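Shown next, in structure tokens, is the structure this report addresses.
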Amino acid sequence: MVETEADRTFREGAIEHLDGLYGFALSLCRDRVTAEDLVQETYLRALKAPRKAEPGPGMKSWLFAILHNVWRNEVRRRRPTDRLDESVEQLPSDEPDPLTSVDRQQAGSRVLAAIDDLPDPFREAIVLRCVEGFSYQEMAEVVGCPAGTVMSRLARARALLRRALGPVRLAAAGGGRR
């Protein structure tokens, strides 16, 4: 099979979104192997689509919408009975104070755990907006609901996160603990 210029352009444009799609898939299913399968299925469906999105911002939301639909179909097909907890990889810190570094790592772990505990629609909203940077309209296209619904889900997700995380603790001057 000979690759056309349009196929090559599509492939090059679509590959730019691979990391973002994988991150979104991982936030949805919480399993690395399943996330890889979801991304692979997303690309297969995109390649088979009769009308493909042009490279650019429209392609990103189109691919994320395909991934979201693939995931929803997978959830419908088999309801997961157990939840896998994945350890979060931490980047090394440039912090001179080890206690500050530990505090930041623990806070990051708490935030990720709180996001992970959100119901699916709220977790999707947080990831699409705060991680992927989608606009409300793009988010609405990805999840297939009105922009107003997306906005209310995001507001509710933020409120749930604030409740789960409690008040913000500020470190004492000099970065130490009290």
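The values are calculated or read from the model by the stated rules, or taken from the named source; none is laboratory data. Fair warning: this is a prediction, and the values are worked out from it, not measured in the lab. Cβ placement follows ideal geometry from the backbone for every residue including glycine, while neighbour counts extend to all protein chains displayed.
Just a few scattered comments:
- Extreme residue, farthest from the chain's Cα centre (by Cα), among residues of region 25-69 that are farther than 27 Å from Glu5 by Cα and aliphatic (A, V, I, L, M): Val33
- Residue within region 161-171 that is out of contact with any Cys (no Cβ under 9 Å at 6 or more places or on another chain), surrounded by 10 or more Cβ atoms within 10 Å (Cβ to Cβ), modelled with pLDDT under 60 and not in a helix (DSSP H, G or I) present: yes
- Qualifying positions in region 3-40 - within 16 Å of Arg72 (Cβ to Cβ), assigned to a helix (DSSP H, G or I) and either touching a Leu at 6+ places or on another chain (Cβ under 8 Å) or among the aromatic types (Phe, Trp, Tyr) (or both): Leu21, Phe24, Ala25, Leu28, Cys29, Ala35, Leu38, Val39
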